[in-house]
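Down below is the structure, laid out as structure tokens.
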Amino acid sequence: MSRLARQKNNTLNAVGLLFGILFGAVLAGARLHEYDTIHNMLSFEEYDVFLFMASAIAVSAPLLWLLERKGFTTPLGGQFSLSRSKPEAHHIKGGAIFGIGWAIAGTCPAPALVMVSSGAMLGLVAIPGIFLGLHLRERQVMSALTAGDGEHRILEKV
Amino acid sequence: MFDVLPDRVPWFLAGPALGLLIVGLFVLANQPLGASGAYVQTTGFLRKRDGVVMWRVFYFVGMFIGGLLVTQVLRTSGGDIRSGYDALRADFPLALVIPMVFAGATLLGYGAAVAGGCTSGHGMCGTAQRSPASVAVTATFMTTAIITTFALGLVVKAVA
């Protein structure tokens, strides 16, 4: 690996760490790591999480649209590009199973990590469960999963 | 330690902040702010596989640290160290809550792998990119989650 590539890799790792910290902090700030928060949303006792998600999309979607029209090269990930795909059967199937698990466990992958850092030890039950679920899918498709971030692209090697 | 954050940051601050984070990661690295991908890469890292996207592993650790900062440093009042499952534990004994949480988490891990993303990857970043597939995933998991919640509520009522 060249010196420049190594530098870029280190920067990307630092950006990853920083965005992870900020993401975790926002989730913890809004108490999304608590079962009660998720449960109260899904049972329509409280609308905060719906509004949280809607306002995040209301802020990001127009900005992403503008940036897409503008077109530019990102410092760490090449040409700025959004991805869109057509719904397929696996989206519906996976989404349906995910929703059932979300309601039962009252958490999803990112908040589960915050759950543990908040001192809620049941997070230590949830995280291995998530890893097991991913593993079961790997066994089923008989190959290592490579993606998992929605509309996703694997970052080309820098 | 510092206790500067309110018990709960209101949605109209936290939501737009998350929106800006989503845009920020796209602008810097052209990548979605997803979470299950970080689990996938962390699995690869722990199993010493080739081709691991290393920054996602840093990001995985970062989410934990961010939660730690808020719940243990910036907001120490209001009983932050909770079991986190007060509502569930009010209805079920702990011996049942543990397998429920584990089974639920396994389902959501499996479902996220099949759908190719979770609440953040499809729900937030995918819909923000105006992807029809992500909108379909989001609508589906919202629907089944709401149905499951009400079904569980009926079970609790029947047992009680």
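Has the range A:62-80 got at least one residue that is open to solvent by less than 60 Å² (accessible area, probe 1.4 Å), at the interface with another protein chain (Cβ under 7 Å from one of its Cβ atoms), in contact (Cβ under 8 Å) with a residue 24 or more places away in the chain and over 26 Å from B:GLY44 (Cα atoms)?
no
Quick one: which of B:ALA139, B:ALA90, B:ALA103 is more than 7 Å from chain A (Cβ to nearest Cβ), part of a helix (DSSP H, G or I), of a type in the set (A, V, I, L, M) and more than 29 Å from B:LEU25 (Cβ to Cβ)? Quick ask: steps written out before the conclusion?
Numbers: B:ALA139 fails: more than 29 Å from B:LEU25 (Cβ to Cβ); B:ALA103 fails: more than 7 Å from chain A (Cβ to nearest Cβ).
Of the residues listed, the single one that is more than 7 Å from chain A (Cβ to nearest Cβ), part of a helix (DSSP H, G or I), of a type in the set (A, V, I, L, M) and more than 29 Å from B:LEU25 (Cβ to Cβ) is B:ALA90.
Just the residues that are modelled with pLDDT of 95 or more, of a type outside the set (A, V, I, L, M, F, W, C) and farther than 12 Å from B:PHE141 by Cα, please, taken from the range B:102-119.
B:GLY104, B:THR106, B:GLY109, B:TYR110
For every residue, the table says whether it meets (1) more than 7 Å from chain A (Cβ to nearest Cβ); (2) crowded, with 18+ Cβ neighbours inside 10 Å; (3) more than 20 Å from A:LYS8 (Cα to Cα).
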| residue | (1), (2), (3) |
| --- | --- |
| B:PRO16 | no, no, yes |
| B:LEU25 | no, yes, no |
| B:ARG47 | yes, no, yes |
| B:LEU108 | no, yes, yes |
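Would you call B:ARG56 at the interface with chain A (Cβ under 7 Å from one of its Cβ atoms) and not in a helix (DSSP H, G or I)? Break it down into steps so the answer makes sense when it comes.
Details: at the interface with chain A (Cβ under 7 Å from one of its Cβ atoms): yes; not in a helix (DSSP H, G or I): no.
So B:ARG56 fails the test.
Please find, within the range B:118-160, the residue that is farthest from A:TYR35 (Cα to Cα) out of those that are in contact with a Leu (Cβ under 7 Å, 6 or more places away or on another chain) and among the β-branched types (Val, Ile, Thr).
Checking each candidate, the answer is B:ILE146.
Can you confirm whether the range B:79-101 contains a residue that is open to solvent by 20 Å² or more (accessible area, probe 1.4 Å), closer than 30 Å to A:THR146 by Cβ and at pLDDT 90 or above?
no
Quick check on the range A:1-41: of everything there that is under 18 Å from the mean Cα position of the chain (by Cα) and part of a loop (DSSP other than H, G, I, E, B), which residue is surrounded by the most Cβ atoms within 10 Å (Cβ to Cβ)?
The residue in question is A:HIS33.
Quick one: would you say B:GLY104 is open to solvent by less than 40 Å² (accessible area, probe 1.4 Å) and on the phi > 0 side of the Ramachandran plot?
In short, no.
Does the range A:131-139 contain at least one residue that is more than 7 Å from chain B (Cβ to nearest Cβ), without any contact (Cβ under 8 Å) to a residue 12 or more places away in the chain and either under 24 Å from B:ARG75 (Cα atoms) or small (Gly, Ala, Ser) (or both)?
So far as the range A:131-139 goes, no, none of its residues is more than 7 Å from chain B (Cβ to nearest Cβ), without any contact (Cβ under 8 Å) to a residue 12 or more places away in the chain and either under 24 Å from B:ARG75 (Cα atoms) or small (Gly, Ala, Ser) (or both).
A:ARG69 versus (1) in a loop (DSSP other than H, G, I, E, B); (2) of a type outside the set (A, V, I, L, M); (3) modelled with pLDDT of 95 or more: which is the lone unmet condition?
A:ARG69 satisfies every listed condition except (1).
Is one or more of the residues making up the range A:117-131 open to solvent by 40 Å² or more (accessible area, probe 1.4 Å) and in contact with a Ser or Thr (Cβ under 6 Å, 6 or more places away or on another chain)?
No, every residue in the range A:117-131 fails to be open to solvent by 40 Å² or more (accessible area, probe 1.4 Å) and in contact with a Ser or Thr (Cβ under 6 Å, 6 or more places away or on another chain).
(1) modelled with pLDDT under 95; (2) open to solvent by 30 Å² or more (accessible area, probe 1.4 Å); (3) more than 7 Å from every other protein chain (Cβ to nearest Cβ); (4) within 23 Å of B:LEU33 (Cβ to Cβ): which one isn't true of B:LEU68, the others all being true?
Evaluating B:LEU68 over (1) modelled with pLDDT under 95; (2) open to solvent by 30 Å² or more (accessible area, probe 1.4 Å); (3) more than 7 Å from every other protein chain (Cβ to nearest Cβ); (4) within 23 Å of B:LEU33 (Cβ to Cβ) leaves (3) as the failure.
The values are calculated or read from the model by the stated rules, or taken from the named source; none is laboratory data. Note that the coordinates shown come from a computational prediction; the quantities given were computed from them, not determined experimentally. A quick note on method: Cβ atoms are made from the backbone with ideal geometry, for glycine too, and the neighbour counts reach across all protein chains shown. To get the accessible areas, we keep the full protein, side chains included, count just its heavy atoms, and leave off ligands, DNA and RNA. Shrake-Rupley method; radii C 1.70, N 1.55, O 1.52, S 1.80 Å.
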